[in-house]
Amino acid sequence: MLVWDNLRSAPACLLAQRSLLEDDLAPDGAHAEDIMSQMRNDTSATEHMAPGRIYALIDGARSLFLPERLEVSGLEHVCLYEHRHLSDEGATAPWLVELDPNSKFARATFMHDAQGLQPRAMFGAGIWLTSRHDLNDLRAHLRRYTQVTDERGATEFFRLAEPGMLDALLYASNDAEVSAFFSSVSHIFYPWPALEAGRFSIQSVTAQVDGAARVAVPAIDAKTRRVFEDFVTDRTARRMAVDCQSDPRDRADAYPIFMRLLRAGFDHEPRLQEAFDLLRKMPPEGHAPFWTEVESGNHSLRRIMLVYRDHYQIEGVLE
């Protein structure tokens, strides 16, 4: 059963976000039609209009032989970059494709392969969008966001097909910038690690559009970088909690610990796992001074852990 839950909203940016949780994404993508139906229904319920088109924006760098697969898919598709259709660089570029819910390619965008044994699986390789615009008009709109400028006026490529990054950019944007983006896009959907055992999260982001929105592409500044960092840290902590904890009940406990360690500047994943194991065995009165040491930045994580391991005579950690 598909379930939609309210997660957060950012009224200043006109954003609303919800989460679709699926008990399992079948290896054959069997749930794709149900999920896309939910996407269509969510779009029409928000706008009180007939559902629009569903697109996938896929990162070629994360999907093996993507241009070749698109060519034989029978679906309308286009590269987001110029002059990439026949070049080697097109293999790592973002591609926009209009999805037919009944197509094998559409199902493959919802296929999850945790073991990495199914090269056709594309869950996590891109994002989905709904729009009332045709392929070429939507491409023209999205191309405005393939490059962004910073405070110094320097231009850099922006990987808007990477799950969560477009949401992060818009979350840090002002109302005019958010309205400008959603003038041609109804919803953004992207996968995000969930902490529940055997479940996956698809985030949904939309916004109200105030009148005739003008083109207003967000710039990268200190605020945006902090939001990007928070999104990446959250995604990493969630993935680690899922990957490192065999007992699903431990995931919710591991996630905030990994978040705090990552924010303190520690990113060696095996060491972070050892820190979680140490904290589980440490008496509660030791946690506050432990975190004070960690967040002071004065010592390595291993050194701090050795001190507390020896002080409390904890076995099975750092051996």
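Restricting the search to the stretch 273-295, which residues are buried (at least 17 other Cβ atoms within 10 Å of the Cβ) and either touching a Cys at 6+ places or on another chain (Cβ under 8 Å) or of a type in the set (S, T, Y) (or both)?
Q273, F276
Applying the selection to the stretch 110-168, what residues are surrounded by fewer than 17 Cβ atoms within 10 Å (Cβ to Cβ) and charged (D, E, K, R)?
D113, R132, D134, D137, R143, R144, D150, E151, R152, E156, R159
Given the conditions (1) under 19 Å from F189 (Cα atoms); (2) among the hydrophobic types (A, V, I, L, M, F, W, C); (3) at pLDDT below 70, and given that I35 satisfies all but one, which numbered condition is not satisfied?
Among (1) under 19 Å from F189 (Cα atoms); (2) among the hydrophobic types (A, V, I, L, M, F, W, C); (3) at pLDDT below 70, I35 violates only (3).
Looking at the stretch 102-209, what strands (runs of 3 or more DSSP E) fall wholly within it and have at least 2 residues that are over 21 Å from E33 (Cβ atoms) and either touching a residue at least 24 places away in the same chain (Cβ under 8 Å) or touching a His at 6+ places or on another chain (Cβ under 6 Å) (or both)? Before you say what the answer is, go through the steps one by one.
Values: elements: 126-131, 147-149, 155-157, 187-192, 200-207.
Fully inside the stretch 102-209 and qualifying: 147-149, 200-207.
Here are some conditions: (1) modelled with pLDDT under 75; (2) part of a loop (DSSP other than H, G, I, E, B); (3) surrounded by fewer than 19 Cβ atoms within 10 Å (Cβ to Cβ); (4) not basic (K, R). S73 meets all but one. Which one does it not meet?
Against the list (1) modelled with pLDDT under 75; (2) part of a loop (DSSP other than H, G, I, E, B); (3) surrounded by fewer than 19 Cβ atoms within 10 Å (Cβ to Cβ); (4) not basic (K, R), S73 comes up short only on (1).
Can you find even one residue in the stretch 232-253 that is modelled with pLDDT under 90 and touching a Cys at 6+ places or on another chain (Cβ under 8 Å)?
Within the stretch 232-253, not a single residue is modelled with pLDDT under 90 and touching a Cys at 6+ places or on another chain (Cβ under 8 Å).
Can you pull out the residues in the stretch 245-273 that are under 19 Å from the mean Cα position of the chain (by Cα) and more than 30 Å from R152 (Cβ to Cβ)?
Residues satisfying the conditions are R251, A252, Y255, P256, F258, M259.
All but one of (1) in contact with a Pro (Cβ under 8 Å, 6 or more places away or on another chain); (2) at pLDDT 85 or above hold for N102, so report the exception by its number.
(1)
The values are calculated or read from the model by the stated rules, or taken from the named source; none is laboratory data. Keep in mind that what you see is a predicted model, and the values were worked out from it rather than measured. With ideal geometry, Cβ positions are generated from the backbone for all residues, glycine too; neighbour counts draw on all protein chains shown.
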